[in-house]
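Peer 1: Here's a structure for you.
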Number of protein chains: 2
Amino acid sequence: MVSTGLPQGAVPKLERPGPLRDRVYEALLELITTRALGPGRHLVESELAGHLGVSRQPVREALQRLSTEGWVDLRPAQGAFVHEPTEEEADQLLTVRTLLEAEAARLAAAHADSPGIAVLEELCAEGESAVAAEDVDRAVALNAAFHAKVMELAGNTVLAELAAQVDRRIRWSYTPVARQRGAQSWAEHRELITAIADHDEQRATHLMREHTEHTRRSYHEHDAG
Amino acid sequence: MVSTGLPQGAVPKLERPGPLRDRVYEALLELITTRALGPGRHLVESELAGHLGVSRQPVREALQRLSTEGWVDLRPAQGAFVHEPTEEEADQLLTVRTLLEAEAARLAAAHADSPGIAVLEELCAEGESAVAAEDVDRAVALNAAFHAKVMELAGNTVLAELAAQVDRRIRWSYTPVARQRGAQSWAEHRELITAIADHDEQRATHLMREHTEHTRRSYHEHDAG
DNA sequence: GGATTGTCTTTCGTCTGCAGTCTACGGCGC
DNA sequence: GCGCCGTAGACTGCAGACGAAAGACAATCC
């Protein structure tokens with residue numbers, strides 16, 4: 001088995017194109033999150049199929065998946081429409097996110113080991129430098145990576161999957177706001193890291209809850225203004 | 001508009017058969033939850049199509065949906081296989097469920113009104129009588145209805161959707177256990193109702209957490225035994 | 001003039017057919 | 001006897017086509 005001398009992970013699967021439906025799915029998700037397809041827009045299957053150069057079938061399967069994940073609404077015998085997020089729904093999403101992230105922080109505090117904490121600190125340092133350099137896109141990406149790493153350290157796959165869903169939907173109805181509070185956010189991250197390193201579950205839960213609640217509040221302020 | 005004299009809600013929509021894919025979806029879900037299609041089984045599209053008297057397309061779409069909801073694993077170019085739940089996954093699901101239900105109880109305590117509480121009490125009474133009559137199926141159904149009502153009173157749609165997903169998956173890897181603790185469970189429900197009626201968020205959260213944790217523990221005991 | 005009804009276009013829902021790929025099995029060489 | 005290779009079968013992935021339902025618009029009747 002190992003006698004071939006081939007590097008183990010170097011040639012994973014020859015990089016195939018992969019199932020067409022998945023690429024259609026990602027293409028549509030990109031179009032939706034970038035607002036190229038705005039909320040409420042009617043997605044005509046044949047139109048999308050022609051535009052992407054494929055048949056209707058992969059498009060239909062992609063739309064199905066997008067529907068179950070809450071990106072589009074699939075009205076029977078009428079077609080798919082890009083979901084229109086309401087104020088109420090955004091608030092509910094933020095509530096749920098607070099819940100999931102806080103639990104993740106607790107579990108991370110319970111299970112985290114040294115290498116994991118080192119990664120967190122590294123991400124935090126990079127994030128701070130990105131904020132200092134006013135590289136907003138990079139800061140946002142690092143923020144997502146930080147939370148994803150906390151979720152990974154929590155070691156609960158189910159929790160991670162749900163959080164990922166919720167997170168993407170939030171970031172969608174939310175793009176303009178996420179760019180505002182930069183430095184403050186990373187200071188809170190630093191506090192959170194120490195709590196996790198100390199295995200202080202209560203403190204980690206509390207800090208993460210505060211952190212996401214701050215974000216939620218800034219959303220409402222933005223909305224009101 | 002109202003001069004037609006037709007009863008308003010009596011003729012809702014003529015009860016159409018509805019989209020075929022949905023009926024296929026429900027049929028397959030029934031077959032999976034009842035273990036007629038056991039975990040790990042290879043689901044062949046043409047076979048299912050022939051058995052249900054439809055074409056492959058609705059079957060494919062139903063399988064897609066089942067895949068995104070975690071019921072089947074869709075291996076590319078190989079087909080669909082009924083998902084095999086692991087011990088770890090079951091535990092993670094229960095953890096998440098505890099979290100979601102506890103939050104629902106808190107929100108319910110914050111928002112519940114008299115008619116809602118009345119419904120809860122009614123469900124509780126029915127549940128106790130079902131337990132007394134040793135009608136296990138009915139007791140299980142009422143238990144689900146009770147938790148669903150609490151979730152509805154919480155008034156958070158996103159939370160409810162996530163909880164519904166998690167709940168169904170739990171009930172699947174879980175059927176043999178759910179039938180054990182009957183009377184105890186309903187006593188806890190009664191306590192929870194009073195907490196909600198008093199708008200005591202802390203107590204409602206705590207009680208629901210205890211309640212679901214009891215369930216989780218009995219799962220592990222059953223598993224160990 | 002307003003409401004109603006008939007038709008017409010658009011789009012979805014479903015079915016059939018074909019090509020690509022993975023798996024399993026039998027034959028062959030060592 | 002053991003392992004490798006070639007071939008056959010089966011299944012999935014994708015494309016195209018047909019029937020049906022929903023919405024829009026115009027003509028008609030009251």
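Peer 1: Going by the conditions given, is A:THR98 outside the structural domain of A:GLU201 (by TED's automatic domain parsing), away from DNA strand C (no atom under 16 Å from the Cβ) and β-branched (Val, Ile, Thr)? Steps first, answer last, please.
Peer 2: Values: outside the structural domain of A:GLU201 (by TED's automatic domain parsing): no; away from DNA strand C (no atom under 16 Å from the Cβ): yes; β-branched (Val, Ile, Thr): yes.
In short, no.
Peer 1: If B:GLU61 passes every condition in (1) in contact with a Gly (Cβ under 8 Å, 6 or more places away or on another chain); (2) at pLDDT 90 or above; (3) near DNA strand C (Cβ under 10 Å from one of its atoms) but one, which one does it miss?
Peer 2: Against the list (1) in contact with a Gly (Cβ under 8 Å, 6 or more places away or on another chain); (2) at pLDDT 90 or above; (3) near DNA strand C (Cβ under 10 Å from one of its atoms), B:GLU61 comes up short only on (1).
Peer 1: In the stretch A:63-75, what residues are touching a residue at least 40 places away in the same chain (Cβ under 8 Å) and either surrounded by fewer than 18 Cβ atoms within 10 Å (Cβ to Cβ) or near DNA strand D (Cβ under 7 Å from one of its atoms) (or both)? Even if it seems obvious, please write down each step before you answer.
Peer 2: Keep residues of the stretch A:63-75 that are touching a residue at least 40 places away in the same chain (Cβ under 8 Å), which gives A:65-66, A:69-72.
Selection gives A:GLU69 alone.
Peer 1: Looking at A:ARG60 and the list (1) closer than 16 Å to A:ASP167 by Cβ; (2) at the interface with chain B (Cβ under 9 Å from one of its Cβ atoms); (3) open to solvent by 40 Å² or more (accessible area, probe 1.4 Å), which single condition is not satisfied?
Peer 2: For A:ARG60, the failing item is (1).
Peer 1: Also, I was wondering about something else. Please verify whether A:LEU37 is part of a helix (DSSP H, G or I), more than 16 Å from DNA strand D (Cβ to nearest atom) and at pLDDT 90 or above, treating the condition exactly as stated. Step through it out loud before you land on a result.
Peer 2: On the way: part of a helix (DSSP H, G or I): no; more than 16 Å from DNA strand D (Cβ to nearest atom): yes; at pLDDT 90 or above: yes.
It is false that A:LEU37 is part of a helix (DSSP H, G or I), more than 16 Å from DNA strand D (Cβ to nearest atom) and at pLDDT 90 or above.
Peer 1: Next question. Take the residues in the stretch A:18-33 that are more than 14 Å from chain B (Cβ to nearest Cβ) and farther than 20 Å from A:GLU89 by Cβ, then tell me which one is nearest to DNA strand C (Cβ to nearest atom). If you could, list the steps in order and put the result at the bottom.
Peer 2: So the first thing to find is which residues in the stretch A:18-33 are more than 14 Å from chain B (Cβ to nearest Cβ), and the list is A:26-28, A:30-33.
Filter again for farther than 20 Å from A:GLU89 by Cβ, leaving A:26-28, A:30-31.
On the way: A:GLU26: 20, A:ALA27: 17, A:LEU28: 13, A:GLU30: 20, A:LEU31: 15 Å.
Step by step, filter the stretch A:18-33, then rank; the result is A:LEU28.
Peer 1: Working only within the stretch A:40-56, note down all residues that are out of contact with any helix residue (DSSP H, G or I) (no Cβ under 8 Å at 6 or more places or on another chain) and assigned to a helix (DSSP H, G or I). First the steps, then the outcome.
Peer 2: We begin by selecting, within the stretch A:40-56, every residue out of contact with any helix residue (DSSP H, G or I) (no Cβ under 8 Å at 6 or more places or on another chain); these are A:40-42, A:44, A:47, A:50-51, A:53.
A:GLU47, A:GLY50, A:HIS51, listed by residue number.
Peer 1: Identify all residues within the stretch B:46-57 that are within 13 Å of DNA strand D (Cβ to nearest atom) and buried (at least 17 other Cβ atoms within 10 Å of the Cβ); write none if there are none. I'd like the intermediate steps shown before the answer.
Peer 2: First, pick out the residues of the stretch B:46-57 that are within 13 Å of DNA strand D (Cβ to nearest atom): B:46-51, B:55-57.
B:LEU48, B:ALA49, listed by residue number.
Peer 1: Where residues in the stretch A:76-91 are open to solvent by 50 Å² or more (accessible area, probe 1.4 Å) and touching an Asp or Glu at 6+ places or on another chain (Cβ under 9 Å), which of them is farthest from A:THR215 (Cα to Cα)?
Peer 2: Restricting to residues being open to solvent by 50 Å² or more (accessible area, probe 1.4 Å) and touching an Asp or Glu at 6+ places or on another chain (Cβ under 9 Å), the top hit is A:PRO76.
Peer 1: With the condition kept exactly as written, say whether any residue in the stretch B:82-98 is within 16 Å of DNA strand D (Cβ to nearest atom) and touching a residue at least 24 places away in the same chain (Cβ under 8 Å).
Peer 2: Residues of the stretch B:82-98 within 16 Å of DNA strand D (Cβ to nearest atom): B:82-83.
When the remaining residues are screened for being touching a residue at least 24 places away in the same chain (Cβ under 8 Å), the result is B:82-83.
Yes.
Peer 1: Also: Suppose we filter the stretch B:92-135 for residues that are among the hydrophobic types (A, V, I, L, M, F, W, C) and open to solvent by 60 Å² or more (accessible area, probe 1.4 Å); how many remain? Please lay out each step first, then the result.
Peer 2: Start the filter on the stretch B:92-135 by keeping residues that are among the hydrophobic types (A, V, I, L, M, F, W, C), which leaves B:93-94, B:96, B:99-100, B:102, B:104-105, B:107-110, B:112, B:117-120, B:123-125, B:130-133.
Filter again for open to solvent by 60 Å² or more (accessible area, probe 1.4 Å), leaving B:132-133.
Summing the residues that are among the hydrophobic types (A, V, I, L, M, F, W, C) and open to solvent by 60 Å² or more (accessible area, probe 1.4 Å) in the stretch B:92-135 gives 2.
Peer 1: Okay, moving on. Does A:THR86 satisfy the criteria of being within 24 Å of B:ALA164 (Cβ to Cβ) and touching a helix residue (DSSP H, G or I) at 6+ places or on another chain (Cβ under 8 Å)?
Peer 2: Details: within 24 Å of B:ALA164 (Cβ to Cβ): yes; touching a helix residue (DSSP H, G or I) at 6+ places or on another chain (Cβ under 8 Å): no.
Against the criterion (within 24 Å of B:ALA164 (Cβ to Cβ) and touching a helix residue (DSSP H, G or I) at 6+ places or on another chain (Cβ under 8 Å)), A:THR86 does not qualify.
The values are calculated or read from the model by the stated rules, or taken from the named source; none is laboratory data. Just so it is clear, the model here is predicted, and its values are computed rather than measured. Note: ideal-geometry Cβ built from the backbone for every residue, glycine included; neighbour counts use all protein chains shown. SASA here: full protein model, heavy atoms, side chains in, ligands and nucleic acids out. Shrake-Rupley method; radii C 1.70, N 1.55, O 1.52, S 1.80 Å.
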